[in-house]
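Structure first, commentary second.
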Amino acid sequence: PRYRRPFGLVLEGINDAERGEAIAATLNVDGVTARMIALAKQPRVVLRAETADRLEDRAAAIRSELNVAAAVVDPASMVAIGPAVLLVGFEHGPETIAVADWTAEPPESGRREKLTEAPLLVVPGEVMVMKARAVRGGGRLKHLREGRTTPPSERRLAVVDLHLPDGIVRMMEGATDLSDAPAVVEGSFRSSIRGMMDDWAAAGVRVLESRTVTPSGHAVGSRTDEDGGQVTTSWPEWEEHSRSCRALFIDRDSVPQLPEEALDSHRIDPV
């Protein structure tokens, strides 16, 4: 998403209300904001700034004083890893195809690539898709007839991002076929991915808490459908969340006191 202040300070999910006072002192924020940060179960951007210097100082203080993972992110660093690819199915082993625009409908076919690596990090959640159909007629004046839409319908898509050393592989409800996947539950995408995440977690992969992201109102994830309706998604917000998590837990500098053997434990065979 587009923000006037491009740099963001990301903290891991703390989920501990008693640490609110320490967060308020370290980040120099009010008590209510600090409590919300302390209660969060998932990583999130807690401060934004026009330059990175002040945020870097606070990230270092968070890591050293609170022993909490913290990182400073910006759009250039987050897009450097490239677009996520779609995991389309497991019939011949896990295979992926490229996706040029995640705010549009995903492609049904494309050149397939084999997935041979296990993830270092698993980021699950939901992306919101809101559709408003165009209204035909209904007014004598042209400027009132044009651009009218029905109240939007809302759909939440389950998404799981698998962060590999060199890229992101994405599983998405309605686009990823899990019928031949490990731990599959027939007819239930969400139950199947929960089983897969349990297997990854048991193997030592970091699996984060699920998070539902909502559109920020900056219209980056909006488009006009073929029938003139308006489609608004929270894909830009999801990309920021997922890539912020990558900055937190794959970038060694963001995690406090991380021993080398902890990193080695994530280098496992694919599930």
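Of note:
- Computed with every protein chain present, the accessible area of Val169 is close to 10 Å² [probe 1.4 Å].
- Segment 4-127, accessible surface, carbon-and-sulfur percent (1.4 angstrom probe): 48 percent
- Shape parameters for segment 1-55, alpha-carbon atoms, Rg then Dmax in Å: 11.5, 33
- With Rh defined as the Kirkwood radius, the inverse of the mean 1/r over Cα pairs, the Rg/Rh of segment 43-106 is 1.17.
- Order by protection proxy (mean Cβ within 10 Å, highest first), peptides 23-32, 103-112: 23-32, 103-112
- Theoretical FRET efficiency, 1/(1+(r/R0)^6), r = Cβ-Cβ of Arg190 and Ala100, R0 41 Å, to 0.05: 0.95
- Between Ser179 and Asp57, the modelled labels are 5.9 nm apart [label points 7 Å from Cα along Cα→Cβ].
The values are calculated or read from the model by the stated rules, or taken from the named source; none is laboratory data. Nothing here was measured: the structure is a model prediction, and the numbers come from that model. Note that each Cβ is placed from the backbone with ideal geometry, even for glycine, and that neighbours are counted across all protein chains shown. Ligands, DNA and RNA are excluded from the accessible area calculation, which covers all protein heavy atoms including side chains. Shrake-Rupley method; radii C 1.70, N 1.55, O 1.52, S 1.80 Å.
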